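Student: Take a look at this one; I'll ask things after.
Derivation of every value follows stated rules applied to the coordinates shown; laboratory data play no part. The model shown is predicted, which means the values in this text are computed figures rather than measured ones. Positions of Cβ are backbone-derived with ideal geometry, glycine not excepted, and every protein chain shown enters the neighbour counts.
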Amino acid sequence: MDEIKELETITDELMKVFEITAPPIPIESMLQRPKPNMWEEVDINQLSGSFLSIREHFSPRMSLARLLARHVASSPWGKEHGLMRLIKTEETLRSFARMLVMPQEMVMALSSGARNPTAMSMHFEVPEDDARQRLQELVDYL
């Protein structure tokens with residue numbers, strides 16, 4: 001199984017662990033209320049303004065998604081699932097963050113007409129650029 005497909009599988013498992021069945025993915029509550037064997041809860045009120053990107057309407061959510069991706073990867077749960085082995089570069093981490101906020105199963109459940117950057121941006125509450133990249137990743141790896 002290649003690394004991206006393995007990350008997709010791990011993302012699906014994480015959604016099951018957190019009992020998430022529909023977007024938007026509750027990134028903040030996942031960070032604040034981790035499941036057992038994961039990370040220490042994160043007080044997102046303590047994050048500095050420089051941490052959160054505010055380029056676009058939903059950019060702060062992607063900053064939090066990257067933070068979540070880092071926490072998942074370095075957690076005991078993430079280590080059990082081999083995430084440190086899979087996430088070797090910043091770009092892979094960013095790709096994993098996009099998977100977390102736009103899981104493959106949920107993207108594929110959209111009608112073909114809704115699988116475009118604008119519709120996905122609103123549906124998943126992500127910047128259009130990230131939705132565009134996620135769609136491209138899915139085309140490249142499916």
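Student: How charged is the neighbourhood of Ile87? Take every other residue with its Cβ under 15 Å from the Cβ of Ile87, and add Lys/Arg as +1 and Asp/Glu as -1.
Tutor: Taking every Cβ under 15 Å from that of Ile87, the sum is 0.
Student: Next up: Hey, what number do you get for the chain at 222 nm if only DSSP H runs of n ≥ 4 count, each worth -39500 (n - 2.57), divided across all residues, to the nearest 500?
Tutor: That comes out to -17500 deg cm²/dmol.
Student: Something else about it: Between Thr9 and Met122, what is 0.36 nm times their sequence separation minus the Cα-Cα distance? Round to one decimal in nm.
Tutor: Net length gain for the segment: 38.2 nm.
Student: ³J(HN,Hα) across segment 80-89 via Karplus (A = 6.51, B = -1.76, C = 1.60, θ = phi - 60°), whole Hz, x for Gly/Pro?
Tutor: For segment 80-89, the Karplus-derived couplings read 4, 8, x, 5, 5, 6, 7, 9, 9, 10 Hz, x marking Gly and Pro.
Student: Determine the sum of side-chain charges near Gln136: Lys and Arg each +1, Asp and Glu each -1, restricted to other residues whose C-beta is under 15 angstrom from that of Gln136.
Tutor: -2
Student: From the phi angles alone, apply the Karplus equation (6.51, -1.76, 1.60; θ = phi - 60°) to segment 8-15 and give each ³J(HN,Hα) in whole Hz, x where the residue is Gly or Pro.
Tutor: Once rounded to whole Hz, the list reads 4, 5, 5, 4, 4, 5, 4, 4.
Student: Follow-up. Suppose the chain between Val139 and Glu41 were pulled fully straight at 0.36 nm per residue; how much longer would it get relative to their current alpha carbon spacing?
Tutor: Here the answer is 31.8 nm.
Student: ³J(HN,Hα) across segment 106-123 via Karplus (A = 6.51, B = -1.76, C = 1.60, θ = phi - 60°), whole Hz, x for Gly/Pro?
Tutor: Residue by residue, segment 106-123 yields 6, 5, 5, 6, 5, 5, 4, x, 8, 8, 9, x, 5, 5, 5, 4, 6, 5 Hz.
Student: Please find the FRET efficiency linking Lys79 to Gln32, where r is the Cβ-Cβ separation and R0 is fixed at 25 Å, and quote it to the nearest 0.05.
Tutor: According to the calculation, E is roughly 0.70.
Student: Related question: Give me Ser112, Ser75 sorted ascending by neighbouring Cβ count inside 10 Å, so fewest comes first.
Tutor: Listing Ser112, Ser75 from fewest to most nearby Cβ atoms yields Ser112, Ser75.
Student: Determine, for Asp43, Asp12, Asp130, the number of other Cβ atoms within 10 Å of each Cβ, and report the residues in order from fewest to most.
Tutor: In order of increasing Cβ crowding within 10 Å: Asp43, Asp12, Asp130.
Student: Still on this structure: Work through the residues other than Gln32 whose Cβ is under 10 Å from its Cβ and net out their charges, Lys, Arg +1 and Asp, Glu -1.
Tutor: -2
Student: Using alpha carbons only, what's the Rg to Rh ratio of segment 74-142 with Rh from Kirkwood?
Tutor: 1.02
Student: Can you pull a Stokes-Einstein diffusion coefficient for the chain at 37 °C (0.692 mPa s), Rh from Kirkwood over Cα pairs, as a whole number of µm²/s?
Tutor: D, rounded to a whole number, is 216 µm²/s.
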